[in-house]
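What follows is calculated from the coordinates using simple rules that are stated; it is not laboratory data. A quick note: this is a predicted structure, and the numbers were derived from the prediction, not measured. Heads up, the Cβs are rebuilt from the backbone with ideal geometry, glycines too, and the neighbour counts pull from every protein chain shown.
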Amino acid sequence: MRRILPVFVLVVVILLTVGNTYAQTQTVTSGSDNPQATPAPLPVEAFTKYDVFSDIKLSPSGKYAAYLGGKNGRSLLMTITIEDIKPVNSIRCRDGFEFEDFHWISDQRIIYEIAERQISGVLSGTGELYAVNVDGGSHEIIFGYRAGEKQLGTRITQRKDTYSSADLINPLLNDEKNVLIREMPYRQLGNYLYYNPDAKPVITLLDSYTGNKKSLGVAPYSSAVVMTDQQDRVRFAIGLNSDLQYSASWKPDPDGDWVDFNLPGFRNDSIIPIIMSENAQSIFFLGIAADKNCSELFCLDLKTKEIKKIFGLDDNDIYSIIYDLTGKHIIGVLSYIDKPVAHWLDKKDLAARIRASLEKTFKGQTVQVVTASKDGSLAVVFVNSDINPGDYYLFDTRAMKASYLQPARDWINPDQMRPKEPFTFKARDGLTLHGYITCPAGSGPYPMVVIPHGGPHGVRDYWEFDSEAQLFANRGYAVLQVNYRGSGGLGDEFEQKGYEEWGGKIQDDITDATLWAIDQKIAAPDRICIYGSSFGAYSALEGVIRKPALYKCAIGYAGIYDLELMGEKGDIQRSKLGKSYLQMVHGTDKNILNKWSPTYNADKIQVPVFLIHGKEDWRADFEQATKMKSALEKNNKVYEWMALGKEGHGVHDEETRKEVYERILAFIDKNLKSPVNQSDSNRF
């Protein structure tokens, strides 16, 4: 039964009043009233299962909602009525497929994209589009390489296969039949077809019932981002020209030709278009000015080319944009150093007032409007925190009432989770670094797991519910995560400090963070393990090579261990931009690449290593793991091995995820001998 929460307007401030019972059961804050209490270990699957309720989207009128759920969190597409929250229809992907994304195009019709478990075992988007009515009727494949197959009922007419992938440009909510898509033609290599990032997209009007197509021309650049004005006409594009430089183009006349222009004074690849103005004469974009360090919000007059700065900060990038309930106007931005901070451009906007009020009610949590009806009369709000994976609320902006919809993970009790606390310290060269520490219940120093994030560039750790950190904390381990130099969100200069420092200063930052935790009496100095995925796995192995006495074990999951091999195998080097990226962040000196590659330094490892890798990894080729394994064997090192036959870059299947984390916990327990493990040896 849903709880209805009355909301009253007082002057210009919206005050949310919540009953005592509801506040006790639903409102959570970071931390625990009894830090000495050690909770019983929860089942591993409590942390490895996916959300059962995610990606909710309201239909244009707000009459219906659709959301994803089921096995792995994305195998079912379900529709419900909003008035009484009753099921309307449910579509299940057949085995080997999952929903990748979906969009309402009218109150009666949805288009969706799927990801397929290929013959190779990799789960990846197929580039196809399907459409279905809200009640399950007229379910058809409308675009893709299998569009000619009669596979979804008896009413499908024979169509031509399309050897391209499709991205939605605009659902055209004023047109209940057609959608606007971006076609990316495939590239053939031998007997296989691949996504071609160097192609110029074809702009296409697609009939969501028949699959008939009408070409509206070709975008002017490779991998161009194409935007429409607020009357749904294609007007703006930005992408890579023949010199691999970012260029912009627009159509002064919606039916006319593209007109190229430059945006001097900005870093070449920093410009991200956001939205066009209502009169289609201006465009809002994020960019890093030549004399600045962080991304800022600008407005470009397309006729005069005059650029006006709207908002920016000196010490961190703009993390995201906040829109009004109709999605047509920017009302604020988010910045993010340790926690998200809203900066309002229009505090009087209804969405801003609702959000500010809910943040006062749900103290210690973040609030986000995730979807709204076309007229903004209904919205769905997502509330989450470091200890709460999230709850969804339906907000009626006319009646000013909020009602509880659904938790993302109903098996997680926030009171049993541990806070993820931000910290700041100085690296050895004086650079200020930020990170997060998650401590288990009880008193420290604790056995600790250091988890460097992947990437490394542009990626970062966030203050949010972290399943890995919570799993380890639940087993009695502190978890350290640091946003080392090269991480994203803290400005261009900070990110570039990590270039050509993969095996150098980045690793120093991780070491310094570990030593900080020891100095703060958080970590027991003789009981620390380092574990990571992708670049984090590289850092884990580099950590025990560079500082063999600091860690008692290392775990590499889908890792890069040979930097030169990374330029030869994997998906990054398949595109011109990818090759250019590797040269920029790695450098080209093979001696340094080998010096900083764990496969060539296995003789320095003095602790047990656990390697986990998917045989179908398209990013970090499986050979990365086999070469590391051979190097460990050649040097008579102690190691464990887990090869995953049906997985790619990371583990997707829930049952396999559970098995992987059981093995990880067993390995850490064996090498750190956690007190929790000693009293709970039969938990598996």
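Here are some notes:
- For segment 343-456, fraction of C-alpha pairs farther apart than 26 Å, in %: 41
- Cβ crowding within 10 Å averaged over residues, with 379-385, 629-635 ranked highest first: 379-385, 629-635
- Here ASP175 and ALA666 are evaluated by their C-beta separation; at R0 = 35 Å the FRET efficiency comes out at 0.05.
- 15 Å Cα-Cα reach of LYS339 towards aspartates and glutamates, excluding residues that sit fewer than 8 places from it in its own chain: ASP315, ASP317, GLU359, ASP386, GLU421, ASP461, GLU464, ASP466
- Footprinting exposure proxy for THR48, THR304 (fewest neighbouring C-beta atoms within 10 Å first): THR304, THR48
- A DSSP coil position with no more than 15 other Cβ atoms inside 10 Å describes the following chymotrypsin sites (Phe, Trp or Tyr not before Pro) in segment 411-476: TRP411.
- Gyration tensor over alpha-carbon atoms, the chain, equivalent ellipsoid semi-axes in Å: 39, 32, 27
- Cα-based shape type of segment 454-530, given that a ≥ b ≥ c are square roots of the gyration tensor eigenvalues and the cut on a/c is 1.5: oblate
- Relative contact order (percent, whole number), the chain, Cα cutoff 8 Å, 6+ residue spacing: 10
- Using θ = phi - 60° and Karplus 6.51 cos²θ - 1.76 cosθ + 1.60, couplings along segment 299-309 (whole Hz; Gly, Pro as x): 10, 10, 7, 5, 7, 8, 6, 6, 10, 10, 6
- Interatomic Cα distance distribution for segment 498-631, bins of 10 angstrom, percent: 13, 44, 32, 10, 1
- Highest mean first, the peptides 364-376, 531-543 sorted by other C-beta atoms within 10 Å per residue fall in the order 531-543, 364-376.
- For segment 421-672, the spread of Cα positions along each principal axis, largest first, Å: 50, 40, 34
- For segment 52-218: lysine pairs under 15 Å (alpha-carbon distance), excluding those fewer than 8 apart on one chain: 6
- Value at 222 nm in deg cm²/dmol, rounded to 500, when DSSP H runs of n ≥ 4 in the chain each add -39,500 (n - 2.57): -5000 deg cm²/dmol
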